[in-house]
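K.L.:
The structure's right below; bear with me while I get my questions together.
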Amino acid sequence: MARRAYLCLGLLLFVCCVSSETRVKRQEEDGASEDATPEQLCDGRPGDEYFRLTTEGDCRDVVRCDKGAENGVTRLASVRCPIGLAFDIDRQTCDWKTHVPNCDKLEKPRKVLPILKTDEPICPEGNLACGNGDCIEKALFCNGKPDCKDESDENACTVDLDPNRAPDCDTNQCTLPDCFCSADGTRIPGGIEPNQVPQMITITFNGAVNVDNIDLYDQIFNGNRHNPNGCQIRGTFFVSHKYTNYAAVQELHRKGHEIAVFSLTHKDDPLYWSGGSYDDWLAEMAGARLITERFANITDASIIGVRAPYLRVGGNKQFEMMADQYFVYDASITAPLGRVPIWPYTLYFRMPHKCNGNAHNCPSRSHPVWEMVMNELDRRDDPTFDESLPGCHVVDSCSNIQTGEQFARLLRQNFNRHYTTNRAPLGLHFHASWLKSKKEFRDELIRFIEEMLEKNDVYFTSLIQVIQWMQNPTELSSLRDFQEWKQDKCDVKGQPFCSLPNACPLTTRELPGETLRLFTCMECPNNYPWILDPTGEGFNAKK
């Protein structure tokens, strides 16, 4: 966590600006140097791209082009990473110097862009032009495989530029229960008046479930806190594999909480996720589901949700895999803080907000998948007075929240922002370690839950319960009998399936030198389940 605290351009220090009248000595790749003006350096360069003027020094200094100065003068805004960090040119962020492999590079590689807009057509119908003027079929653009000689067909593939992108929302074609969209994302499903919409609050946790956090979950979901319909409050747990106690996961599922997947390996390399192949996402998410179903004995096909580690969305490849593997929803995309929050939506049509968050690798194509969008939280102490601050998508990333009192304000202010506008679900997303770091954080969350439950129009639900309501929008007056929320596990009592799970000491040749314990009520496998052997039965084929 200490490392990730620095992975933010907000920590960069602006130290000076160089005007266009100044000539800058810039080191060339071959070691020679030449003088260049800021205007020459900034010609054709995006204003938000950082680059180096030299590869000498401690790798902390970069500049960006500032074309907004008075009199149209182009300046270079100089930026310096904090001591101990270096600037990663590829990822455009500060990181520990040992994790930055490109201190010898001046700038990001220049990518050739296709010619997508021309006054007159330059290609036959159904074709588009590569950057070098060659024409290829439109369908070949942004398919993950370069088809132009200059590879430009894979260089303009964002939500806004992909020639084969999903169409804008069409409410005549997109109808519930299978499809939901709106132009700006704020429309309430079913056209229900806001005061007749239940304010759903979703509490989610990311990571392994084990002895470090089971007690916290038991305190929050103690079985004595009930929604207005008489059912116990619910949460959603995005489970990562390593160090997870599957007997505890089985118990959470027995009590009616939703289990979803947070990956198998939880690899520390962010580029692995944002640049992952179809097969990478398949092995990570379908593999994690297989392990959880087997060792937590979840047999009802209820594991249908995905969250990407570090919220590093995997673009179209991730969502193609999800559709093929019958995952119903993703919960990794963040929506920037706005006056009115966004409702979840399906990805048949174009997403209704900017691609926000890590790596900006949102899906551009049409996919039969729900996006349980993460609305950023407003972390200002007083939103009516304080200066603007960027929102935070996970509660523990709200770095200014240091006391229980501040946390209490954060909860209530964001509740009111949802409750008094369109009542889009309020997502409270946590890593358990943050809530356990200070007893006052846990106490304030419980106090908030109990305060909200005194209202007759607030429900703490799982993410799948949000989808169930959206597919069948039901007014508050009829919600107590809403069957989708009352089936099977409304008010669960009784004992765990097993009080003394097997503590299987296991190894795998994929993690040499490690012996890991797998806690499960099921039989112990032969090996510790991992990416090439998710069943733990042994290797049958090479990847």
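The values are calculated or read from the model by the stated rules, or taken from the named source; none is laboratory data. Treat the numbers as computed from the prediction; the structure is a model and nothing was measured. Quick reminder, even Gly has a Cβ in these numbers, built from the backbone with ideal geometry, and neighbours come from all protein chains shown. For accessibility, only protein heavy atoms count, side chains too; no ligands or nucleic acids. Shrake-Rupley method; radii C 1.70, N 1.55, O 1.52, S 1.80 Å.
K.L.:
For the stretch 398-413, check the following and say yes or no: at least one residue is in contact with a strand residue (DSSP E or B) (Cβ under 7 Å, 6 or more places away or on another chain), at pLDDT 95 or above and not in a helix (DSSP H, G or I).
P.N.:
Quick first cut of the stretch 398-413, residues in contact with a strand residue (DSSP E or B) (Cβ under 7 Å, 6 or more places away or on another chain) only: 398, 410.
Next, from what is left, pick out any that are at pLDDT 95 or above: 410.
This time we only want the ones that are not in a helix (DSSP H, G or I), so: none.
No, every residue in the stretch 398-413 fails to be in contact with a strand residue (DSSP E or B) (Cβ under 7 Å, 6 or more places away or on another chain), at pLDDT 95 or above and not in a helix (DSSP H, G or I).
K.L.:
So, in the stretch 203-243, exactly how many residues are touching a strand residue (DSSP E or B) at 6+ places or on another chain (Cβ under 9 Å), open to solvent by 40 Å² or more (accessible area, probe 1.4 Å) and not in a loop (DSSP other than H, G, I, E, B)?
P.N.:
So the count comes out to 2.
K.L.:
Would a scan of the stretch 453-474 turn up a residue that is among the small types (Gly, Ala, Ser) and without any contact (Cβ under 8 Å) to a residue 40 or more places away in the chain? Reasoning before the result, please.
P.N.:
Initially, the stretch 453-474 is screened for residues among the small types (Gly, Ala, Ser), giving 462.
Now narrow it down to the ones that are without any contact (Cβ under 8 Å) to a residue 40 or more places away in the chain: none.
No, the stretch 453-474 has no match at all.
K.L.:
Taking the condition of being touching a helix residue (DSSP H, G or I) at 6+ places or on another chain (Cβ under 8 Å) and open to solvent by less than 40 Å² (accessible area, probe 1.4 Å), how many residues in the stretch 502-520 meet it?
P.N.:
2
K.L.:
Do you know which residues across the stretch 288-312 are open to solvent by less than 10 Å² (accessible area, probe 1.4 Å) and either farther than 21 Å from Gln465 by Cα or in contact with a Gly (Cβ under 8 Å, 6 or more places away or on another chain) (or both)?
P.N.:
Of all residues in the stretch 288-312, those open to solvent by less than 10 Å² (accessible area, probe 1.4 Å) come to 288, 291-292, 295-296, 298, 303, 305-309.
Listed by number, the residues that qualify are Ala288, Ile291, Phe295, Ala296, Ala308, Pro309.
K.L.:
Just give me the residues in the stretch 144-191 being hydroxyl-bearing (Ser, Thr, Tyr) and touching a residue at least 24 places away in the same chain (Cβ under 8 Å), in sequence order. Explain how you work it out, then say what you get.
P.N.:
Of all residues in the stretch 144-191, those hydroxyl-bearing (Ser, Thr, Tyr) come to 152, 158, 171, 175, 182, 186.
Correct list: Ser152, Thr158, Ser182, Thr186.
K.L.:
Considering each residue of the stretch 120-141, count those that are out of contact with any helix residue (DSSP H, G or I) (no Cβ under 7 Å at 6 or more places or on another chain), open to solvent by 40 Å² or more (accessible area, probe 1.4 Å) and not in a strand (DSSP E or B), and give that number. Don't jump to the end; show me each part of the working.
P.N.:
Step one: filter the stretch 120-141 for residues out of contact with any helix residue (DSSP H, G or I) (no Cβ under 7 Å at 6 or more places or on another chain), giving 120-125, 129, 132-135, 137-139.
Restricting the remaining residues to those that are open to solvent by 40 Å² or more (accessible area, probe 1.4 Å) gives 120-122, 124-125, 132, 134-135, 137-139.
Cutting the leftovers down to not in a strand (DSSP E or B) gives us 120-122, 124-125, 132, 134, 138-139.
Final tally of qualifying residues: 9.
K.L.:
Assuming Cys398 fulfils every condition listed in (1) in contact with an Asp or Glu (Cβ under 7 Å, 6 or more places away or on another chain); (2) open to solvent by less than 20 Å² (accessible area, probe 1.4 Å) apart from one, which condition is it?
P.N.:
Checking Cys398 against (1) in contact with an Asp or Glu (Cβ under 7 Å, 6 or more places away or on another chain); (2) open to solvent by less than 20 Å² (accessible area, probe 1.4 Å), the one that fails is (1).
K.L.:
Hey, among the residues in the stretch 450-509 that are in contact with a Lys or Arg (Cβ under 7 Å, 6 or more places away or on another chain) and part of a strand (DSSP E or B), which one's nearest to Asn245 (Cα to Cα)?
P.N.:
Ala503
K.L.:
Would it be correct to say that Lys111 is part of a loop (DSSP other than H, G, I, E, B) and modelled with pLDDT under 90?
P.N.:
Values: part of a loop (DSSP other than H, G, I, E, B): yes; modelled with pLDDT under 90: yes.
Answer is yes for this residue.
K.L.:
Looking at Leu128, Leu113, Leu85 in this structure, which one is among the aliphatic types (A, V, I, L, M), touching a residue at least 40 places away in the same chain (Cβ under 8 Å) and within 21 Å of Asp160 (Cα to Cα)? Talk me through it step by step, then tell me what you get.
P.N.:
Details: Leu128 fails: touching a residue at least 40 places away in the same chain (Cβ under 8 Å); Leu85 fails: within 21 Å of Asp160 (Cα to Cα).
Leu113 is the lone residue from the list that is among the aliphatic types (A, V, I, L, M), touching a residue at least 40 places away in the same chain (Cβ under 8 Å) and within 21 Å of Asp160 (Cα to Cα).
K.L.:
Out of the residues in the stretch 353-373 that are touching a residue at least 40 places away in the same chain (Cβ under 8 Å) and within 19 Å of Arg91 (Cα to Cα), state the one that is least open to solvent (accessible area, probe 1.4 Å).
P.N.:
Step one: of the stretch 353-373, the residues touching a residue at least 40 places away in the same chain (Cβ under 8 Å) are 353, 355, 357-373.
Going one step further and asking which of them are within 19 Å of Arg91 (Cα to Cα), we end up with 355, 357-362.
Working: Cys355: 32, Gly357: 26, Asn358: 65, Ala359: 49, His360: 115, Asn361: 48, Cys362: 10 Å².
Filtering first and then ranking leaves Cys362.
K.L.:
State all residues of the stretch 306-352 that are in contact with a His (Cβ under 8 Å, 6 or more places away or on another chain), touching a residue at least 60 places away in the same chain (Cβ under 8 Å) and of a type in the set (A, V, I, L, M); if no residue qualifies, say none.
P.N.:
Leu311, Ala335, Ile342, Leu347 - these are the residues of the stretch 306-352 that are in contact with a His (Cβ under 8 Å, 6 or more places away or on another chain), touching a residue at least 60 places away in the same chain (Cβ under 8 Å) and of a type in the set (A, V, I, L, M).
K.L.:
I've got another one for you. Can you tell me which condition Asp378 does not meet? The list is (1) loosely packed, with under 15 Cβ neighbours inside 10 Å; (2) closer than 23 Å to Asp443 by Cβ; (3) touching a residue at least 24 places away in the same chain (Cβ under 8 Å), and all the others hold.
P.N.:
(1)
K.L.:
Kindly establish whether Leu41 is outside any loop (DSSP other than H, G, I, E, B) and more than 19 Å from Thr93 (Cα to Cα).
P.N.:
Working: outside any loop (DSSP other than H, G, I, E, B): yes; more than 19 Å from Thr93 (Cα to Cα): yes.
Against the criterion (outside any loop (DSSP other than H, G, I, E, B) and more than 19 Å from Thr93 (Cα to Cα)), Leu41 qualifies.
One line per residue, one yes/no per condition, for (1) open to solvent by 40 Å² or more (accessible area, probe 1.4 Å); (2) among the small types (Gly, Ala, Ser); (3) touching a His at 6+ places or on another chain (Cβ under 9 Å); (4) not in a loop (DSSP other than H, G, I, E, B):
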| residue | (1), (2), (3), (4) |
| --- | --- |
| Leu76 | no, no, no, yes |
| Thr98 | yes, no, no, yes |
| Asp104 | yes, no, no, no |
| Asn143 | yes, no, no, no |
| Asp153 | no, no, no, yes |
| Asp160 | yes, no, no, no |
| Asn172 | yes, no, no, no |
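K.L.:
Which ones in the stretch 189-202 are crowded, with 17+ Cβ neighbours inside 10 Å, touching a Ser or Thr at 6+ places or on another chain (Cβ under 9 Å) and assigned to a loop (DSSP other than H, G, I, E, B)?
P.N.:
Within the stretch 189-202, Pro198 is the sole residue that qualifies.
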